[in-house]
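A.B. asks: One structure, as structure tokens, below. Some questions next.
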Amino acid sequence: AGGQDLAGRHVVVSAGGTREPLDPVRFLGNRSSGKQGWALAATAAARGARVTLLAANVELPDPAGVDVVRVSTALELREAARKAVADADAVVMAAAVADFRPAEYATGKIKKVDGAEPAPVVLVRNPDILAELSAERAFAGQLVVGFAAETDDVLANGRAKLARKGCDLLVVNEVGDGKAFGRDTNAATIMAADGGETVVAHGPKDVLADAVWDEVAARLG
Ligand code: C5P
């Protein structure tokens, strides 16, 4: 990792996992800890970048020298991302965004009724924020980076996802069997739309974060 190679750059990182509310006390959520996004924000700041961290439901304290914007739902994350990326050289979507949200939000707590079955929960799709940011870049040359967690056919699925999302880089990691989620370590392949592939051996999340910034810095020129 190279000194202050992100000095003068603005980077946006999303972290954590969105929560999609059913009623004031319940939500659909996921197990993302936010640790990889935190590591991305901290390492970018250490390399001189101005960092905006979009944090979805993360319990961790704010990393030093980073602007933290706290959000909860996918729709809130999308709004915060749209604002933050206007002048960003690179955006890294490390957050686990819920693909679906409940179609309806009950303003009062949903109650059980004696003798009655519960009402089914109807879901609707959330926007794909990564795909939107890739398709509607704030300016030519803005770099967009996604993450993908795959359980099988990791590389083939990663390549297909990179194309589908339209991003420049996709950090593909293997999950399942206690890998990645909530842990302090990660292993990944960083795939590039230009064909490049960088394997990052199993190790601390800040080592993977620095490897991602190496790829970003090389492409920012
Ligand atoms: O499609 P999948 O969820 O595997 O893609 C993961 C990548 O896409 C991550 O970078 C995640 O932040 C992003 N994503 C998104 N909006 C969604 C779903 C995923 O930005 N609705």
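The values are calculated or read from the model by the stated rules, or taken from the named source; none is laboratory data. Please read all numbers here as calculations on a predicted model, not as lab measurements. Here the Cβ positions follow ideal geometry from the backbone for every residue, glycine too, while neighbour counts run over all protein chains shown. For the accessible areas, the whole protein counts, side chains as well, though only heavy atoms, and no ligand, DNA or RNA atoms are used. Shrake-Rupley method; radii C 1.70, N 1.55, O 1.52, S 1.80 Å.
A.B. asks: How would Val144, Val68 line up by accessible area, probe 1.4 Å, largest first? List each step's numbers first, then the result.
C.D. replies: Values: Val144 0, Val68 35 Å².
In descending accessible area the options line up as Val68, Val144.
A.B. asks: Then there is this: Over the chain, calculate the relative contact order: mean separation of alpha carbon pairs under 8 Å at least 6 apart, over the residue count, as a percent. Present the calculation step by step, with values, prior to reporting the outcome.
C.D. replies: Details: 467 pairs, mean separation 44.9, N = 221.
In percent, rounded to a whole number, it is 20.
A.B. asks: Now, a different point. Before rounding to the nearest 500, sum -39500 (n - 2.57) across all DSSP H runs of length at least 4 in the chain and divide by the residue total; then give [θ] at 222 nm in deg cm²/dmol.
C.D. replies: On the way: 5 runs with 58 residues, N = 221.
Using -39500 (n - 2.57) per qualifying helix, the result is -8000 deg cm²/dmol.
A.B. asks: Hey, if you put +1 on the Cβ of every Lys and Arg and -1 on every Asp and Glu Cβ in the chain, which of Gly158, Ala15, Val212 ends up farthest toward the positive end of that dipole?
C.D. replies: Highest projection toward the positive end goes to Ala15.
A.B. asks: While we're looking at this one, here's another question. Would you tally the net charge around Asn126, using a Cβ to Cβ cut-off of less than 15 Å, leaving Asn126 out, and scoring K and R as +1, D and E as -1?
C.D. replies: Working: positive: Arg19, Arg78, Arg82, Arg101, Arg125, Lys165; negative: Glu20, Glu76, Glu79, Asp99, Glu104, Asp128, Glu132.
Every neighbour counted, the sum reads -1.
A.B. asks: What does the charge add up to near Ala80, with Lys and Arg as +1, Asp and Glu as -1, over the other residues with Cβ less than 12 Å from its Cβ?
C.D. replies: Numbers: positive: Arg70, Arg78, Arg82, Lys83; negative: Asp67, Glu76, Glu79.
Counting the neighbours of Ala80, the net charge comes to +1.
A.B. asks: Could you please put Phe147, Phe100 in sequence from largest to smallest accessible area, using a 1.4 Å probe?
C.D. replies: Numbers: Phe147 40, Phe100 100 Å².
Highest to lowest solvent-accessible surface, that is Phe100, Phe147.
A.B. asks: Continuing with this model, one more query. How large is the accessible surface of Ile110 in square angstrom, using a 1.4 angstrom probe and rounding to the nearest 10?
C.D. replies: Looks like 80 Å² after rounding.
A.B. asks: Let me ask you something else. So how many Lys-Lys pairs in the chain land under 23 Å Cα to Cα, not counting same-chain pairs under 8 apart?
C.D. replies: Working: Lys35/Lys161; Lys35/Lys179; Lys35/Lys205; Lys83/Lys165; Lys161/Lys179; Lys161/Lys205; Lys179/Lys205.
For the chain, the number of qualifying lysine pairs is 7.
A.B. asks: A further question follows. Enter the accessible area per residue of the chain (Å², integer; probe 1.4 Å; all protein chains in place).
C.D. replies: Averaged over the residues of the chain, the accessible area is 50 Å².
A.B. asks: A follow-up question, please. Mind telling me which of Val171, Val207, Val122 comes out most flexible in a GNM of the chain, alpha-carbon contacts under 10 Å?
C.D. replies: Its mean-square fluctuation being the largest, the pick is Val122.
A.B. asks: Just want the answer: with Cβ charges of +1 for Lys and Arg and -1 for Asp and Glu, which residue in Ser33, Ala46, Asn57 is farthest toward the dipole's positive end in the stretch 1-84?
C.D. replies: Most positive-ward Cα: Ala46.
A.B. asks: Taking R0 as 30 Å, what FRET efficiency do you get between Ala138 and Leu60 from their Cβ-Cβ distance, rounded to the nearest 0.05? Working shown, then result.
C.D. replies: Details: r = 28 Å, r/R0 = 0.92.
The calculated FRET efficiency here is 0.60.
A.B. asks: Give, rounded to the nearest 20 debye, the magnitude of the charge dipole that the chain has about its Cα centre when Lys and Arg contribute +1 at Cβ and Asp and Glu contribute -1 at Cβ. The partial results should precede the final answer.
C.D. replies: On the way: 25 positive and 30 negative charges, 94 e Å.
Using Cβ point charges on Lys, Arg, Asp and Glu, the chain gives about 460 debye.
A.B. asks: Something else about it: Have a look at Asp89, Asp152, Asp114 and tell me which one the Gaussian network model of the chain (Cα, springs below 10 Å) gives the largest fluctuation.
C.D. replies: Highest fluctuation of the listed residues: Asp114.
A.B. asks: Further question on the same structure: What angle do you read, to the nearest 10 degrees and between 0 and 90, between the alpha-carbon axis of helix 154-165 and the longest principal axis of the chain?
C.D. replies: For 154-165 against the chain, the angle is about 80 degrees.
A.B. asks: Turning to a different aspect of this structure: Can you tell me which of Val175, Val97, Val58 moves the most in a GNM of the chain? Springs connect C-alpha atoms under 10 Å apart.
C.D. replies: Maximum among the listed residues: Val175.
A.B. asks: Once the convex hull of the alpha carbons of the chain is built, what does its volume come to per residue, in cubic angstrom? All intermediate terms of the calculation are to be shown ahead of the outcome.
C.D. replies: Values: hull volume 29.8 nm³, N = 221.
Measuring per residue, one finds 135 Å³ for the Cα hull of the chain.
A.B. asks: To the nearest 10 degrees, how steep is helix 205-220 against the longest Cα principal axis of the chain, on a 0 to 90 scale?
C.D. replies: The helix 205-220 is inclined about 60 degrees to the chain.
A.B. asks: Which angle from 0 to 90°, rounded to the nearest 10, does the C-alpha axis of helix 35-46 make with the longest principal axis of the chain?
C.D. replies: 30 degrees
A.B. asks: Can I ask one more? Restricted to Cα positions, what overall size does the stretch 1-122 have along the principal axes? Three whole-Å values, descending.
C.D. replies: Ordered largest first, the stretch 1-122 gives principal extents of 66, 25, 19 Å.
A.B. asks: Which listed residue (Met191, Phe100, Val85) has the Cα farthest towards the positive end of the charge dipole for the chain, taking +1 on Lys and Arg C-beta and -1 on Asp and Glu C-beta about the Cα centre?
C.D. replies: About the Cα centre, the residue reaching furthest to the positive side is Phe100.
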